[in-house]
Amino acid sequence: MKTDLFPEHIRPHLIPKPKGELYYQCLGCGAQHSVEKLLYVCPECNAVLMIHNRHQEELHKLSGTLWQQIFDYRKMLKIPALKGIYRYHEFIGPILPLESILYLGEGHTPQIEASEFLQEKVGIRFFYKNDGQNPSASFKDRGMASALSSIKYLIDQKLVSDVIAVCASTGDTSAAAALYASYLGPLIKSAVLLPHKKVTAQQLSQPLGSGARVFEIPGVFDDCMKVVEQLSTRYPVALLNSKNAWRILGQESYSYEIAQDFDWDMTHKAVVVPIGNAGNISAVMNGFLKFFKAGIIDRLPKIIGVQSEHADPVYQYYLEPDKARRVFTPVDTRPSVAQAAMIGNPVSMPRVVAIAEEYNQASGQNNVFFVQVTEQAIMDWQLTANQNGHIACTQGGECLAGLVKAKAMGLIALNETVVLDATAHAIKFSEFQDLYFKNRIPRPYHIVPDPERVNLPELVSPENPDLIPSQEKRLEKSEFAQFVQEISEKIAQKMDLTPVDP
Ligand SMILES: *Cc1c(COP(=O)(O)O)cnc(C)c1O
Ligand SMILES: [Zn+2]
């Protein structure tokens with residue numbers, strides 16, 4: 001819609017101008033640092049950072065209702081920079097001019113109500129929000145759109161040049177980083193570090209296809225992360241891991257979209273998020289908090305973080321009910337089909353602790369919970385979801401397993417509506433589905449395929465090998481008719497079909 005057709009009270013707010021003043025806030029010593037340079041940890045104490053807006057209160061001067069209208073009307077704009085996560089510009093990267101914003105189609109992923117059968121089976125109303133429908137097929141694109149836009153801004157302002165972007169990844173970060181960096185080529189070059197044999201073939205093909213330098217490192221993700229941290233402290237490189245606080249800002253859009261999709265009514269809602277490096281759950285909580293403080297939503301949804309029992313440091317931390325006695329201890333991970341979340345020492349742990357505390361306080365009650373699920377439950381629920389019309393990855397399966405667990409534990413009430421984060425597309429993780437169906441899941445995963453869920457292709461061939469059509473040897477007309485006849489009869493038999501009367 002053309003700008004002059006929008007209601008008069010919306011027009012001044014429709015197209016955002018750069019505003020506000022962002023700064024890095026250290027979660028360790030509390031020091032503040034300028035966002036005008038690339039920074040990933042506090043130079044004084046090495047702790048992780050969050051980005052805040054010094055003028056956030058300014059945003060609270062508009063009523064929550066007006067913000068809702070602004071975001072609803074912005075849906076009608078055709079300006080690329082405002083079509084993705086920056087529909088919520090003022091809450092994500094208010095200092096960025098629209099020219100610096102990168103848009104590759106990320107965000108506004110569909111929130112799909114679970115099939116009737118599946119909802120009955122689980123016994124609660126729930127949705128999958130399919131973040132696998134982002135350009136590189138995972139939610140990491142939200143954070144990358146934000147991180148790369150911030151780098152583009154620094155380049156445009158001539159504050160940095162010849163950027164070399166690096167990240168460690170359980171697969172999806174590198175796919176997203178390589179995609180967004182290659183769009184800005186030749187301004188940026190990217191290199192990704194992956195744990196050797198710990199990402200799927202699809203995930204490995206993504207950064208290779210985008211032209212990034214790909215380094216495979218023996219070990220697990222946590223080991224790669226240490227190397228990348230060393231690189232980013234010793235050399236002038238831009239770190240694209242979720243240590244980068246811009247990633248968190250971008251991923252907050254997930255919550256903004258949920259709020260908008262429910263027409264801003266967050267009463268009796270819960271959101272389930274799988275936890276790996278814990279950047280995403282930090283962002284999801286922070287997003288809802290920001291909208292709550294601005295009066296855009298008047299209720300904070302319940303948050304349920306899920307971890308596999310093979311990689312559960314956050315769950316373990318919160319097992320201790322007494323806040324004062326909680327101690328964070330990294331765990332050694334064991335093989336997990338939720339491989340993108342297979343992290344024993346999450347870099348965003350300090351963020352989770354700080355934000356969950358604030359979230360509970362703002363909610364006036366405990367509103368953030370953590371559950372642990374088995375590898376078996378992850379696989380079984382992922383397959384069940386997908387056999388009922390969804391496209392969940394293994395981490396999406398982990399969310400559904402987490403919902404079932406949370407409900408059994410009484411953490412979810414029957415009148416609540418739940419949104420599950422399907423963090424990536426099913427096809428990225430089809431290797432695990434394959435292993436399950438072929439009964440070849442290695443023992444350390446502790447998964448036994450349920451025959452009811454197994455699905456394998458059946459080859460249907462003619463009895464006479466001379467009747468097999470091939471590109472080299474075409475069949476005679478009568479032979480081919482025989483082939484068609486025989487194959488269709490065999491399939492009809494397998495499917496228990498009876499012929500219709502002529
Ligand atoms: C990265 C990732 C996660 C874990 O998110 P964190 O922010 O690391 O906690 C979960 N699922 C998928 C598909 C991912 O790519
Ligand atoms: Zn510090």
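Derivation of every value follows stated rules applied to the coordinates shown; laboratory data play no part. Please read these numbers as outputs of a predicted model, since none were measured by experiment. Every residue, glycine as well, gets a Cβ built from its backbone with ideal geometry; the counts of neighbours run over all protein chains shown.
The convex hull built on the alpha-carbon positions of the stretch 1-157 has an orientation-averaged projected area of 12.5 nm².
Based on the Cβ-Cβ distance of D223 and D162, what FRET efficiency does E = 1/(1 + (r/R0)^6) give at R0 = 22 Å, to the nearest 0.05? Numbers along the way, then the final one.
Details: r = 28 Å, r/R0 = 1.29.
FRET efficiency, D223 to D162: 0.20.
Estimated from helices alone, the mean residue ellipticity of the chain at 222 nm is -11000 deg cm²/dmol (sum of -39500 (n - 2.57) over DSSP H runs with n ≥ 4, per residue).
Take the Cβ-Cβ distance between C45 and R326 as r, set R0 to 22 Å, and report the resulting FRET efficiency rounded to the nearest 0.05.
0.60
Normalised by the residues of the stretch 173-262, what does the relative contact order come to in percent, with Cα pairs under 8 Å and at least six apart? Before the final figure, lay out the partial values.
Numbers: 82 pairs, mean separation 21.9, N = 90.
Reported as a whole number, the value is 24 percent.
When its C-alpha radius of gyration is set against 2.2 N^0.38 Å (N residues), the chain gives a value of 1.06. Here each label is just a point 7 Å from Cα along the line to Cβ, and for L456 and Q365 those points are 5.0 nm apart.
Could you give the length gained on full extension between I15 and R443, defined as 0.36 nm per residue of separation minus the Cα-Cα distance, in nm?
148.5 nm
In order along the stretch 362-372, the Karplus-derived 3J(HN,Hα) couplings, from 6.51 cos²θ - 1.76 cosθ + 1.60 at θ = phi - 60°, round to 5, 7, x, 5, 5, 9, 10, 10, 10, 10, 10 Hz, and Gly and Pro are given as x.
A simple packing score, the average count of other Cβ atoms within 10 Å per residue, orders the peptides 269-280, 410-421, 473-484 as 269-280, 410-421, 473-484, with the highest score first.
Counting other C-beta atoms within 10 Å, and keeping those with at most 13, which DSSP coil trypsin sites (Lys or Arg not before Pro) do you find in the stretch 99-164?
The qualifying sites are K158.
Take the Cα of N388, step 7 Å toward its Cβ, do the same at A481, and the gap between the two points is 4.8 nm. Extending 7 Å from the Cα toward the beta-carbon at both K121 and K197 defines two label points whose distance is 3.3 nm.
The calculated pair-distance distribution of the stretch 46-123 uses every alpha carbon pair, bins of 5 angstrom beginning at 0, and gives 3, 12, 16, 17, 16, 11, 9, 8, 6, 2 percent. In terms of other Cβ atoms within 10 Å, F117, F91, F126 run from fewest to most in the order F117, F126, F91. Over the chain, Cα pairs under 8 Å with separation of 6+ residues give a relative contact order of 14 percent. Taking the chain as a whole, the Cys residues whose C-beta sits 4.7 Å or farther from every other Cys C-beta are C167, C224, C393, C399. Relative to the dominant Cα principal axis of the chain, helix 140-156 is inclined by about 50°. What the pair-distance distribution of the stretch 266-347 shows, using all Cα-Cα distances binned every 10 Å from zero, is 18, 40, 31, 11, 0 percent.
I'm a student and want to see the number: the projected area of the Cα convex hull of the stretch 286-333, averaged over all directions, in nm². Intermediate results must be reported in sequence, preceding the final value.
Working: hull surface 18.4 nm².
With every direction weighted equally, the projected area is 4.6 nm².
Packing, taken as the mean count of other beta carbons within 10 Å per residue, orders the peptides 4-13, 454-463, 166-175 from highest to lowest as 166-175, 4-13, 454-463. Note on the stretch 165-240 and the stretch 271-339: Cα centroid distance 24 Å, given to the nearest whole angstrom. For T498 and A408, the FRET efficiency from 1/(1 + (r/R0)^6), where r spans their Cβ atoms and R0 equals 45 Å, is about 0.55.
Here the Debye sum runs over all C-alpha atoms of the stretch 424-502 as equal scatterers in vacuum, and log10 of I(q)/I(0) at q = 0.23 Å⁻¹ comes out as -1.02. For the chain, the antiparallel share of DSSP beta bridges with both residues in that region comes to about 30%.
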